[in-house]
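What follows is a single structure, written as structure tokens, with notes after it.
The values are calculated or read from the model by the stated rules, or taken from the named source; none is laboratory data. Predicted, not measured: the structure shown is a model, and the values here were computed from it. Cβ: placed from backbone, ideal geometry, glycine included. Neighbour counts: every protein chain shown. Just so you know, the surface numbers come from the protein's heavy atoms only, side chains and all, with ligands and any DNA or RNA stripped out. Shrake-Rupley method; radii C 1.70, N 1.55, O 1.52, S 1.80 Å.
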Amino acid sequence: MTQIYNLIVILASQLLKIIALFSPKMKLFVDGRKKVFKTLANSIQSSDKTIWFHAASLGEYEQGLPVIEAIKQQFTNHKIVVTFFSPSGFEVRKNNTVADVTIYLPLDTISNAKQFIKLVHPEMAFFIKYEYWPNYLNELKNQNIKTYLISGILRENQAFFKWYGGFYRNALKTFDYFFVQNESSKNLIQTIGFNNVKVSGDTRFDRVVSILERDNSLDFIEQFKNNKTTIVIGSSWPKDESLLVNYINQSSDDVKFIIAPHNIKQEQISNLKNQIQKKTILYSEKDEMLKEDHHDKIETFQVFIIDTIGILTKIYSYADIAYVGGGFGNPGVHNILEPATFGVPVVIGPNFSHFVEATALVNMEGCISIQNQTQLNEAFDLLLHNEDERLEKGHICSTFVQMNKGATQTIMNHILN
């Protein structure tokens, strides 16, 4: 099985080069890996002490960030190396300030793993949530480097728990310790013989709790809101927007809407704006609008489309109600914890079963799941017209986040002791 796996990885690496000729995203994936070893050689000396974190994409990076920051604070003489598998993570966070080196992870060949580990020579390695690369894990084990899984989530349908999963189960043997999100993950991994596991919880809760401690003010959003009830729509996809636009177009002028689509390509943004019958402004237009001599003030608009990235979390702090997109797609809804931490009730689509926090908040009635236009209308109308209901659901959300923080401290206590 090992030989088959390695052959597949090599063939995939050649196929990806061909696909990159036609796909801008895949071109980033391929080109971004070309200078990884040169970057490492220039950035890390043989005398440097290092700690390595790997994240599949942006969500996993954000999830692991509290641990990265805690490690950086505790191990001040070490360089922090962060790797990404996906361009959607690397391109957004390549200029982060917490890591000393941020790069793509080369594909999981034996030679890449050996060269990468030789150049980085980490004292510890952390894999966030998932991503089990056998050759990298085996090389870490061969070099006696402490290796941890943090905020791990395990499910019965994963290969580890199938009759044919011996190869993948062997990869798990390379981990020194598993910090998992819940009891079901712990019980699952124990069924295949691993007892070096602890339920630490999800470090995303620590991440979103820390958001409350920073300055989340945005003057132009405050000016746009103008003390009116505001619905913030985050990470929306076209299937979400088809329902949302219908609601917006028939809504009262006393309600404001802020939309931060998942895809901010100009064509999609233009298409979205053209569907909206209310007075609408784009983020990219706001500087012109804020000029003193402009005849239209930003507060006179009812809909604000955020055609940029990086500010959605702050925008949630201005929400009275939040809609989080992705729930009509696969694998499902995006991060609902960011609005929840601000005590904002959340509305989502029907596909959320893979996300334990969404499932919990739906069951606790802090979050409302809708399946069609009628249910969306009913959910928004309820929250807009019943302030007690809105405040109660928001309180459930913020309490849920506060009660589940602490995973980072659990992980750090184990590592330091």
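The number of residues in region 122-135 being out of contact with any helix residue (DSSP H, G or I) (no Cβ under 6 Å at 6 or more places or on another chain) and either crowded, with 17+ Cβ neighbours inside 10 Å or of a type in the set (Asp, Glu) (or both) comes to 7.
Among the residues of region 162-206, those that are closer than 17 Å to Leu137 by Cα, assigned to a helix (DSSP H, G or I) and either among the aromatic types (Phe, Trp, Tyr) or in contact with a Lys or Arg (Cβ under 6 Å, 6 or more places away or on another chain) (or both) comprise Phe167, Tyr168.
Anything in region 246-261 that is part of a helix (DSSP H, G or I) and buried (at least 21 other Cβ atoms within 10 Å of the Cβ)? List them, or say none. First the steps, then the outcome.
At the first step, the residues of region 246-261 found to be part of a helix (DSSP H, G or I) are 246-249.
Across region 246-261, the qualifying residue is only Ile248.
Counting only residues that are under 20 Å from the mean Cα position of the chain (by Cα) and within 19 Å of Asp307 (Cβ to Cβ), region 213-238 holds 7 of them.
Here Gly349 meets each of (1) open to solvent by 30 Å² or more (accessible area, probe 1.4 Å); (2) in contact with a helix residue (DSSP H, G or I) (Cβ under 9 Å, 6 or more places away or on another chain); (3) at pLDDT 95 or above with one exception, condition (1).
Of all strands (runs of 3 or more DSSP E) completely enclosed by region 269-354, which ones contain at least 1 residues that are β-branched (Val, Ile, Thr) and closer than 13 Å to Cys367 by Cα? Let's see the steps before the verdict.
On the way: elements: 280-282, 303-305, 321-324, 346-348.
Counting at least 1 such residues, we get 321-324, 346-348.
Quick one: would you say Ile264 is out of contact with any Lys or Arg (no Cβ under 6 Å at 6 or more places or on another chain) and open to solvent by less than 30 Å² (accessible area, probe 1.4 Å)? When the stated conditions are applied, Ile264 does not pass them. When each of Asp320, Asp287 is tested for being more than 17 Å from the chain's Cα centre (by Cα), surrounded by 18 or more Cβ atoms within 10 Å (Cβ to Cβ) and of a type outside the set (Val, Ile, Thr), the lone residue that passes is Asp320.
Consider region 102-112 and keep the residues that are touching a residue at least 12 places away in the same chain (Cβ under 8 Å) and more than 21 Å from Tyr61 (Cα to Cα). The one that is surrounded by the fewest Cβ atoms within 10 Å (Cβ to Cβ) is Ile110.
In a residue-by-residue description of region 358-375, the property of being among the β-branched types (Val, Ile, Thr), crowded, with 24+ Cβ neighbours inside 10 Å, farther than 20 Å from Lys129 by Cβ and modelled with pLDDT of 95 or more applies to no position. Just to be sure I understand, how many residues within region 1-18 are open to solvent by 70 Å² or more (accessible area, probe 1.4 Å) and closer than 10 Å to Leu107 by Cβ? Final tally of qualifying residues: 1. If only residues of region 403-415 that are touching a helix residue (DSSP H, G or I) at 6+ places or on another chain (Cβ under 7 Å) and part of a helix (DSSP H, G or I) are counted, the one that is nearest to Val197 (Cα to Cα) is Ile411.
Test Asn42 against the criterion of being of a type in the set (S, T, N, Q) and touching a helix residue (DSSP H, G or I) at 6+ places or on another chain (Cβ under 8 Å), and give yes or no.
It is false that Asn42 is of a type in the set (S, T, N, Q) and touching a helix residue (DSSP H, G or I) at 6+ places or on another chain (Cβ under 8 Å).
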